[in-house]
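A short write-up of the structure that comes next.
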Amino acid sequence: MILLIALMATLLGAAKDDGYGPFKPTPLKLAIPKGWPKPTGNIFAKNKLTEEGFQLGRKLFYDGNLSKDGVTSCGSCHQQFAAFSTYDHDLSHGVENTFTSRNAPALFNLAWMTSYHWDGGINHIEVQPLSPITAHNEMGETLENILAKLNTDSSYSRFFKAAFGDKAITTQRILKALAQFTGSLISSNSRYDQWKNGTLKFTPVEESGYALYKANCSSCHKEPLFTDNSFRNNGLPINRFGDAGRQRITGLSSDSLKFKVPSLRNVQYSVPYMHDGRFNDLDKVITHYISGINRQQPTLDSLLQKPIVFTERQKLELIYFLYTLTDTSFTKNKRFAPAQQITYKH
Amino acid sequence: MSKKILLQAVAFVVICMLHSSLFAQNGNLVLKFVHIANGKIVHHNGMFTTPNGEPYTISKLKYYVSNVELGKSFQHTHLVNAFGADSIEMKVPPGNYRQLSFLLGVDSLLNCSGAQDGALDPLNDMFWTWNSGYVMFKLEGISDSSHADLNRIEQHIGGYKGENKTMRRISFDLNEKLTIGPKETHTIVIEVDLDKFWDKGSIAKNPVIVIPGVLAKQAADNFPFMFRVKTIL
């Protein structure tokens, strides 16, 4: 009896033909770099990573139709050549000449995070895009309008069919596809990584810089991710927006002025620095840690209680080490670039 | 082409025959939510008063009802809209039932499991984009007692973590025992009294609650007192 039903089902399946061929997605595995810890969670637990899902996510990531002005895409602020941050912008441009309230984070190694945004307000990679998509000072769009626009774009039909089995465009599919793209962005092949693997040598300056990093920065900016993804107050004076960081999410005064420790990978390209982009070069960052920390703040991280002392030469050595964290195999990887030529708004 | 249709027809008949012979006949349960304030049915044009005398109108009233328990547990989330779909229908095994309960809100796991669809689709405007999590109960309107922008009232009660979680299990003893037979449809009419929502609350003090925290938790503490079984049909 069961066999009969199974036979009927396959015959029925073969009978239905929407012109896009059979549904046979190519499964992918998230490649964990050698020696790295496994992510604590699994961002793809309910979102099977496939080549087709990745390609749909990539197409959506670079599609200006996700915003009110039809031109601003995720890729407008998350620029691959800047490790998916906004190059040289403290705050990014939203639609209609608005500004974001924080610096656009670089996007890579997201699978190792358990929350997203400077304040950790996003608890799952799939729901992150809802925030910039609907924010008036970012993409300024509604989900209803996006569905309407994408439904008039016939180029999406074969992508949705290939990734999800039929042409239907839903918010869930859009969000899962975007997560398959962004979750796949892995940066693990910088000069530092190759030095650690023994395939190249550091200069003496870079080696000195590494030693300084180990002694002064590595507790928070831990190898190999160069962050521990925790929330800490590094003594930055509160900014003109009164941005209290993580406290806005948890409501706890003990979280006042705490922000997510960003990765130091690709810092050469993710300038300017901090949650509001207040420092436009690495020298200013290091100077902050030496002499700029506001020691009156009750939530100042205990690891920063002890002053950091550097000579001018040591600052340079540290900066040269930080440059070794640049991963051009990531920033130039065509797989993460737009699939076709697009024009950026600026 | 006709071969395809014949195949489909045969398959359909076979599956129907199998279905009726292999599976027990469920009954249908309808939970119909009737919303009142000041003893009157809530509607868009109505003018209502909170227990401490503040006048208000209601433009939006929707909330999540999930994880219904009637004998067994039904892991499904529904969105009730006082000005739209205000009843929930479900298939239940035949039996005699003395107790009904449901969760007002969305359970913790679904709040952090990524993009959902159906009632939980962010299209329903019940999901916070900046602080991931569902709005369990949403009430909007206008009141002269509100000093907020445009005299608005926005009570977006949400938060799923720790001591400020805003989900509440609402339980009922069914005083008239509910007996559901195979293929029978029964309706439980549940009255939702908005006067109880404002208990210990005040439009003047807190016309707008749109973040998780102690104010949202205090509002949620009123949820169990808002619901009662009015009739069992």
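To keep it simple, each residue is scored yes or no on (1) without any contact (Cβ under 8 Å) to a residue 24 or more places away in the chain; (2) in contact with a Gly (Cβ under 6 Å, 6 or more places away or on another chain); (3) assigned to a loop (DSSP other than H, G, I, E, B).
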| site | (1), (2), (3) |
| --- | --- |
| A:Ser263 | no, no, yes |
| A:Gln296 | yes, no, yes |
| A:Leu316 | no, no, no |
| A:Ile319 | no, no, no |
Any hit, segment A:281-289, residues being loosely packed, with under 15 Cβ neighbours inside 10 Å, without any contact (Cβ under 8 Å) to a residue 40 or more places away in the chain and either touching a strand residue (DSSP E or B) at 6+ places or on another chain (Cβ under 7 Å) or β-branched (Val, Ile, Thr) (or both): yes
Segment A:126-160, residues that are away from chain B (no Cβ under 13 Å) and surrounded by 14 or more Cβ atoms within 10 Å (Cβ to Cβ): A:Lys149, A:Leu150, A:Tyr156, A:Ser157, A:Arg158, A:Phe159, A:Phe160
Of all residues in segment B:177-210 being under 22 Å from B:Glu54 (Cβ atoms) and β-branched (Val, Ile, Thr), the one that is farthest from the other protein chains (Cβ to nearest Cβ): B:Val192
Of all residues in segment B:146-164 being buried (at least 20 other Cβ atoms within 10 Å of the Cβ) and not in a strand (DSSP E or B), the one that is farthest from the other protein chains (Cβ to nearest Cβ): B:Ser146
Residue check for B:Ala119: part of a loop (DSSP other than H, G, I, E, B), under 27 Å from A:Ser131 (Cα atoms) and small (Gly, Ala, Ser): no
B:Phe225 modelled with pLDDT of 95 or more, in a strand (DSSP E or B), under 20 Å from B:Ser66 (Cα atoms) and of a type in the set (Phe, Trp, Tyr): no
Checklist (1) assigned by TED's automatic domain parsing to the domain that holds A:Asn97; (2) in contact with an Asp or Glu (Cβ under 6 Å, 6 or more places away or on another chain) applied to A:Asn233, failing item: (1)
Residue under evaluation A:Leu60, criteria (1) buried (at least 22 other Cβ atoms within 10 Å of the Cβ); (2) more than 14 Å from chain B (Cβ to nearest Cβ), criterion not met: (2)
Residue pairs meeting the criteria (Cβ under 7 Å; at least 6 apart or on separate chains; first more than 8 Å from every other protein chain (Cβ to nearest Cβ), in segment B:107-131; second in a loop (DSSP other than H, G, I, E, B)): B:Asp107/B:Met167; B:Ser108/B:Tyr160; B:Leu110/B:Gln116; B:Leu120/B:Val106
Residue check, A:Leu212 of a type outside the set (S, T, N, Q), out of contact with any Lys or Arg (no Cβ under 6 Å at 6 or more places or on another chain) and within 26 Å of A:Phe44 (Cβ to Cβ): no
Test set (1) farther than 28 Å from A:Leu185 by Cβ; (2) buried (at least 19 other Cβ atoms within 10 Å of the Cβ) - A:Arg295 fails condition number: (2)
Subset of segment A:94-125 (residues that are among the aromatic types (Phe, Trp, Tyr) and surrounded by 20 or more Cβ atoms within 10 Å (Cβ to Cβ)): A:Phe108, A:Trp112, A:Tyr116, A:Trp118
Lone unmet requirement of (1) surrounded by 13 or more Cβ atoms within 10 Å (Cβ to Cβ); (2) modelled with pLDDT of 70 or more for B:Ala24: (1)
Unique residue being closer than 21 Å to A:Val285 by Cα and away from chain B (no Cβ under 14 Å) when the list is A:Phe202, A:Phe226: A:Phe226
Residues of segment B:211-233 satisfying the condition of being within 14 Å of chain A (Cβ to nearest Cβ), under 19 Å from B:Lys62 (Cα atoms) and among the small types (Gly, Ala, Ser): B:Ala216
The one condition in (1) surrounded by fewer than 15 Cβ atoms within 10 Å (Cβ to Cβ); (2) not in a strand (DSSP E or B) that B:Leu215 fails to fulfil: (1)
Residue in segment A:195-206 that is small (Gly, Ala, Ser) and not assigned by TED's automatic domain parsing to the domain that holds A:Leu91 present: yes
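The values are calculated or read from the model by the stated rules, or taken from the named source; none is laboratory data. Computed from a prediction, not measured in an experiment: that's the story for all the values here. Heads up, the Cβs are rebuilt from the backbone with ideal geometry, glycines too, and the neighbour counts pull from every protein chain shown.
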